[in-house]
1. Looking for something β-branched (Val, Ile, Thr), closer than 17 Å to THR123 by Cβ and at pLDDT 95 or above - is there at least one such residue anywhere in segment 47-57?
2. Tell me, which residue of segment 29-49 that is within 12 Å of ligand 2 (Cβ to nearest atom) and in contact (Cβ under 8 Å) with a residue 60 or more places away in the chain is surrounded by the most Cβ atoms within 10 Å (Cβ to Cβ)?
3. Being farther than 16 Å from ILE223 by Cβ and small (Gly, Ala, Ser) is the filter here; which residues of segment 11-32 pass it?
4. If ASP88 meets every condition in (1) surrounded by fewer than 17 Cβ atoms within 10 Å (Cβ to Cβ); (2) of a type in the set (Asp, Glu); (3) under 15 Å from ALA51 (Cα atoms) apart from one, which number is that one?
5. Is it the case that THR189 is in contact (Cβ under 8 Å) with a residue 40 or more places away in the chain, of a type outside the set (A, V, I, L, M, F, W, C), in a helix (DSSP H, G or I) and within 22 Å of THR294 (Cβ to Cβ)?
6. State whether one or more residues within segment 135-142 are within 16 Å of ligand 1 (Cβ to nearest atom) and farther than 20 Å from PRO279 by Cβ.
7. Can you give me the ranges of the helices (runs of 4 or more DSSP H) entirely in segment 14-123 with at least 1 residues that are more than 19 Å from LEU315 (Cα to Cα)?
8. Quick one: count up the residues across segment 203-228 that are within 16 Å of ligand 1 (Cβ to nearest atom) and farther than 13 Å from ALA18 by Cβ.
Amino acid sequence: MTEPRKIIIDTDPGVDDAMAIFYALSSPELDVVGLTTIFGNATTETTTYNALALLELAGRSDIPVARGADRPLVAAYGGPVDFVHGADGQGNAGIAAPTTSAASESAAEFIVRTVMASPGEITLVPVGPLTNIALAMRLESRLTENVHEIVLMGGNGFCPGNVNPSAEANIWHDPEAADIVFGAACPITMAGLDVTHKVQMTNIDLARIAAMTNPRAAHLARILPFYVAFHAKYDALDGIYVHDSTAISYLLAPDAFTWDEYAVRVDCGQSFGRGKTIPGEGVNVNEEAWAGRTAVRILTGADSRRLVELELSRLAE
Ligand code: RIB
Ligand code: CA
């Protein structure tokens, strides 16, 4: 077996973040070398508490957690998304308080130190707003030439947003940071709503998690009901969209996906388009705004059942 792929998950746990973290921890193909936390689903204070608590619940307090930015690069933080993930970011089901603390260095410092210490080996997996990634790029200008790849959950290339018709939540929280990240000269794969809205777990799938006997699955079974109720009310969905875990699934089974590759810009304006990720496609692809940008792999399709079964098999371990 080849060496496990080293990843840093930048996360705003978050119910689906918790699923993705446990999914990654249960996958021997991956070596989670750290979590970095960001605002988004909840404040950075809450997401850091949750990240520490999730790792402790999984018996993995050996993995460092580095706290990230408390607000976006330019605008104000839009506030916790209580109605989606609960006021505690864990479906209002709570989680045992962590007995560990976050690292003394910031998320950006941790990302830079870890990537530069292992050139070409670290994959960044942001599944929240991209503020920490942008800050790390500003902190170390050589970061992008030393990172293996960025595989992010966020954006919407060819479909509506989920915050509003324009924007997906992770990008909406910090469009300026996202536009910096999408301009990076390194391999970037975008698991946006184009694909995550096609990867769904039904309530029958979720009942299988509730029937699992390990402590990680038991926690997910406690925090999922609130998230399921949100999807039923706002999306008339039987189950949930699998957002953050889809970034993990891409690392494990890239052949289960289809994609297009285009340079991407993010609307950083102050009008109704703010936060839209805009692929540079069509005859005007050489438009100045997209010129010179590395093409981003925009995931557009997936074998949903295969990915759901893969994740459930890992969560059961
Ligand atoms: O739009 C979905 C994304 O926003 C997911 O990462 C979810 O956790 C929230 O952060
Ligand atoms: Ca998230």
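The values are calculated or read from the model by the stated rules, or taken from the named source; none is laboratory data. Everything quoted here is computed from the prediction, not taken from an experiment. Ideal geometry is used to build each Cβ from the backbone, glycine not excepted, and the neighbour counts take in all protein chains shown.
1. no
2. Applying the filter and picking the extreme gives ILE38.
3. Within segment 11-32, ALA24, SER26, SER27 meet the criteria.
4. All conditions are met except number (1).
5. Working: in contact (Cβ under 8 Å) with a residue 40 or more places away in the chain: yes; of a type outside the set (A, V, I, L, M, F, W, C): yes; in a helix (DSSP H, G or I): no; within 22 Å of THR294 (Cβ to Cβ): yes.
So THR189 fails the test.
6. Step one: filter segment 135-142 for residues within 16 Å of ligand 1 (Cβ to nearest atom), giving none.
No, that holds for no residue.
7. Numbers: elements: 15-25, 44-57, 82-85, 107-117.
Hits in segment 14-123: 44-57, 82-85, 107-117.
8. Number satisfying all stated conditions: 1.
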